[in-house]
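*Asks:* Attaching a single structure in structure tokens format; questions to follow.
Values quoted throughout were computed directly from the atomic coordinates according to the rules given, and no laboratory measurement underlies them. The model shown is predicted, which means the values in this text are computed figures rather than measured ones. We place every Cβ from the backbone using ideal geometry, glycine too, and count neighbours over all the protein chains shown.
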């Protein structure tokens, strides 16, 4: 039917649905009219009235059937039937609450787990930006030498892309920025972003009050209105109590007087998913709020770049056009690297990707783990479905007579199947509803793993990601689909089987005999085999992820995180980076060392395990021919006693001293690995290394430690005293060893407030938490895969228990005879478990094959364990066998202890 | 009576549409007319006539009205709609193409 005909047919359907009684009456009248005419015709031929009516009715070939056929043409029958089926299904389920609640609960777990993981995928990968026509947005990125996408670009690149390309309505860039602001007596940090002039117009969102940033605001040296800022709805609420006078008022950020020019609508967060900026300032303000080095440098990678496609231009066309101008763009934006670096840079491509759902750095890290989790929860749902199918097969025996009677009185088989399926769908939809509640709770839990990861990054000032986790229509649709698919998956086969039996045969049989259905137990065993295979998959997966986490947690990072607290502060806004700042840090250190409970305090620049740090190529005179890739050394700035605080052994030489200052000789301490690599067979103490063309004398060697990432092998490390930092002292973190679990932060805050009230209050974290947070991804994978593995084992065990109990019940008589004839308990047990064991074995072998085939998928997420680790597989099989044995024990024991007399009498 | 002498699938629709295109009729009259015009060759059982009519009505090809017959009885009269007329043209064209093709095959001379 053509769609435009719907305007004629839809009213007909509605009439059929809502004027049902009226239509029934009409139908009746119409058919009676016909019957009457036919009867009159017959009477005219010369028959009795009775006989004529009878002939007329016979000509109809079944009045009731024809009426039903007429009703069928209305095409709304299914709705009416559905209503009836649902009511009936509700009644049936209410009558067996135990079955219903077990079913709903296991489905809720299966479907809920799927909904939870999907919610995360939705928030991270699928949800479009809340801006007009988000599908016209693209992100622009390049690729490093190794082919990895690199989303941060230089200002020169951004500028050149904007100038050279003709396929975009506009190109915009932004960079996250933490503004310092005074709140009461404290300085606080406010999340914000520096955004280019086209940022708001290209996103297509205007301010609710005032205006947004324009290219005229984003000029070197500031626009005509001076420094301007746009604020978020939330910031407007808590700083300005939603007063309209906020617009036009002044706001001091990073010591710069800004004018607020506009307020964004609620829910607007810009282009970066997972962030919640409160303040947007023009990109060029970086020269005022930062040192401005990045906007001038051609090698500072600090911007995310997106663009809106011109109307009528597809992403493919834009990509082609961009490819044409890429050489020109790269040529004009070449960074001030060495010749080799520049050559490599010129070969880099510029690529486009859809920007419809914005950008987040979490995406690249978590899309793979989330895809694997999606598979894991899918497998859990399959196992739950297999269990449901087994339950329904068992119930089908009990409902045998009911179904036979229905078929006998003329119900269509497909109609009965539909009714049984409706019951299953009701169960799975109920499961989905409970599952959604479960998902709402567990999504938050899962999200914690992602969030902790993010908090651990940077200098400790990372912001907690703020994703919109509310279930939207995508999550609802997904959950509904999961419910329907699983309902059909577990319901169809039992329903078809239940309605297959010949009517008369089954009606004549006694219920007792009907239960002897050999194929039913066969199917149940194959379902069990499938469950076993899927369980092996989940348990082996759990083993791999738990193993990885275990390896990482028990790994010696080279330092002792116990009772160590890190407090990060931000001194970047201090005008002097030299002696006064060193004096400030010294005073704060003194205060800390004097606090009760503090064993020792020190300073460092990059907190370990944040995946960030400073690395450079070291040179050693005279011209040691060590290849480039073996001289790459991680560098950190520390204060004296750092090694003592962190429990890192000084192997030879000395620690830094207060006398190592900006005027004394430049000194450094290397780790054992660097000593071995850079100075093989010689004592490194007193030797020199060259960093940035300056020579540094080695005064000590310390034990190896992890630096940026626990998962990487120990790097070559060079420690320098912070007092000798070449570009002035950066923002440092205090590391404090305490005796026991002593909270230092409040006292530190008081001291900071007294000594330097213009420095924002820092944030504190224990080193142990830092270690844990750096393993967010591993903890996510390990805890979830173990949870799902246990769930799979439980479901499979329940399935096995059910089948064996059923086998024993079915063969009670036979077993009794065997025992009476002298069978020993082991014989009896073997008899009971024999067939089932073979199926489980087949399942396990299949599972192993699947694990071996799929394990490559997870290789990149593992640490210290190979994906096809034989020990892990053996362990998985053993665990599964253990659970299976437990599940088999009760029914097998029951069988071996049967009293033959009782058993035979029962028969 | 068997099925409507196994009318080619869909042909019943064409016949009913054609009959109703001539004048609005009630079900009984349609069955009489069918028998009359096709000379008892195409007989539609009393039973299967009504589902067929209802189907056409639900497709919005015909519409029904309650009117009084000449014998002063209330009856449901069916008449063609605009959609129905279009459908009739389409089905008639299909039918003639089909029957032409078949008759050409049937008339092939055996060699």
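*Asks:* Can you classify the stretch A:31-118 as rounded, prolate or oblate using the Cα gyration tensor, where a ≥ b ≥ c are the square roots of its eigenvalues, rounded means a/c under 1.5, and otherwise it's prolate if a/b beats b/c and oblate if not?
*Replies:* prolate
*Asks:* Listed highest first by mean packing, meaning other Cβ atoms within 10 Å per residue, what order do A:811-817, A:481-487 come in?
*Replies:* Going from most to least packed, we get A:481-487, A:811-817.
*Asks:* If you count, for every residue in A:28-34, the Cβ atoms of partner chains within 10 Å of its Cβ, what is the mean?
*Replies:* Mean shielding by partner chains, rounded to a whole number: 6.
*Asks:* For the stretch A:134-356, what is the largest minus smallest coordinate of the Cα atoms on each principal axis, given in angstrom and ordered from greatest to least?
*Replies:* Each principal axis gives a Cα extent; for the stretch A:134-356 these are 52, 40, 32 Å.
*Asks:* Hey, can you rank A:385-398, A:245-258, A:563-576 by average C-beta count inside 10 Å, highest first?
*Replies:* Ranking, from highest mean packing down: A:385-398, A:563-576, A:245-258.
*Asks:* Could you bin all the Cα-Cα distances of the stretch A:259-313 into 10 Å bins starting at 0 and give me the percent of pairs in each, rounded to whole numbers?
*Replies:* Using 10 Å bins, I get a P(r) of 16, 37, 36, 10, 0 for the stretch A:259-313.
*Asks:* So, one more: Across peptide A:56-68, how many C-beta atoms of other chains are within 10 Å of each residue C-beta, on average?
*Replies:* For this peptide, the per-residue mean of nearby foreign Cβ atoms is 3.
*Asks:* Only bridges whose two residues both fall in the protein assembly as shown count here: according to DSSP, what percent of them are antiparallel, nearest 5?
*Replies:* Given both bridge residues lie in the protein assembly as shown, the antiparallel proportion sits at roughly 80 percent.
*Asks:* By count of other Cβ within 10 Å, fewest leading, how are A:200, A:478, A:18 ordered?
*Replies:* Placing the least packed residue first, the sequence is A:18, A:478, A:200.
*Asks:* Post the alpha-carbon centroid distance, the stretch A:67-115 to the stretch A:849-872, in whole angstrom.
*Replies:* 42
*Asks:* Run lengths n ≥ 4 of DSSP H only: what is the helix-derived mean residue ellipticity at 222 nm for the protein assembly as shown, with -39500 (n - 2.57) per run over all residues, to the nearest 500?
*Replies:* Result for the protein assembly as shown, helices only: -17500 deg cm²/dmol.
*Asks:* Once R0 is set to 56 Å, what does the formula 1/(1 + (r/R0)^6) return for the Cβ-Cβ distance between residue A:68 and residue A:135, expressed as a FRET efficiency to the nearest 0.05?
*Replies:* So the FRET efficiency works out to roughly 0.70.
*Asks:* Compute the long axis of helix A:49-60 from its Cα atoms, compare it with the longest principal axis of the Cα atoms of chain A, and write down the angle in degrees, 0 to 90, nearest 10.
*Replies:* 30
*Asks:* Further question on the same structure: What ranking of A:339, A:423 emerges when the number of other C-beta atoms within 10 Å of each C-beta is taken as an exposure proxy, fewest first?
*Replies:* Sorted ascending by nearby Cβ count, the order is A:339, A:423.
*Asks:* Would you list A:791, A:381, A:492, A:194 from fewest to most Cβ contacts within 10 Å?
*Replies:* Starting with the residue having the fewest Cβ neighbours, the order is A:492, A:791, A:381, A:194.
*Asks:* Classify the stretch A:545-680: rounded, prolate or oblate, from the alpha-carbon gyration tensor (a ≥ b ≥ c, eigenvalue square roots; a/c under 1.5 rounded; otherwise prolate if a/b is larger than b/c)?
*Replies:* Since a/c reaches 1.5 but b/c is at least a/b, the shape of the stretch A:545-680 is classed as oblate.
*Asks:* Enter the angle in degrees (range 0 to 90, nearest 10) between the Cα long axis of helix A:77-95 and the first principal axis of the Cα atoms of chain A, meaning the one along which they spread out most.
*Replies:* 80
*Asks:* A follow-up question, please. Place the peptides A:206-218, A:261-273, A:103-115 in order of packing, highest mean first, counting for every residue the other Cβ atoms within 10 Å and averaging per peptide.
*Replies:* In decreasing order of mean packing, A:206-218, A:261-273, A:103-115 become A:103-115, A:261-273, A:206-218.
*Asks:* Same structure again: Full-extension gain between residue A:852 and residue A:658, please, as 0.36 nm times their residue separation minus the C-alpha to C-alpha distance.
*Replies:* Roughly 64.1 nm would be gained on extension.
*Asks:* For peptide B:45-57, compute the average count of partner chain beta-carbon atoms within 10 Å of each residue's beta-carbon.
*Replies:* 6
*Asks:* Quick check: Cα centre of the stretch A:392-431 to Cα centre of the stretch B:51-75, how many Å?
*Replies:* Taking the Cα centre of the stretch B:51-75 as reference, the centre of the stretch A:392-431 is 38 Å away.
*Asks:* Starting from the coordinates of the alpha-carbon atoms of the stretch B:11-106, obtain the Kirkwood hydrodynamic radius over all distinct pairs and give the value in Å to one decimal.
*Replies:* 14.1
*Asks:* Still on this structure, I have one more. Could you give log10 I(q)/I(0) at q = 0.07, 0.10 Å⁻¹ for the protein assembly as shown, computed by the Debye formula over C-alpha point scatterers of equal weight, without solvent?
*Replies:* -0.88, -1.25
*Asks:* Also, I was wondering about something else. Per residue Cα convex hull volume for the stretch A:282-393, in cubic angstrom?
*Replies:* Convex hull volume per residue, Cα atoms: 220 Å³.
*Asks:* With a/c under 1.5 counting as rounded, go ahead and sort the stretch A:217-315 into rounded, prolate or oblate using the C-alpha gyration tensor (a ≥ b ≥ c being the square roots of the eigenvalues; past the cut-off, prolate if a/b is larger than b/c, else oblate).
*Replies:* Oblate shape, in that a/c is at least 1.5 and b/c is the bigger or equal ratio.
*Asks:* What FRET efficiency would be calculated for the residue pair residue A:29, residue A:336, taking the C-beta separation as r and a Förster radius of 56 Å, to the nearest 0.05?
*Replies:* Here the calculated transfer efficiency is 0.05.
*Asks:* Give me the percent relative contact order of chain A, please, defined on Cα pairs under 8 angstrom at least 6 residues apart.
*Replies:* Relative contact order, chain A: 14 percent.
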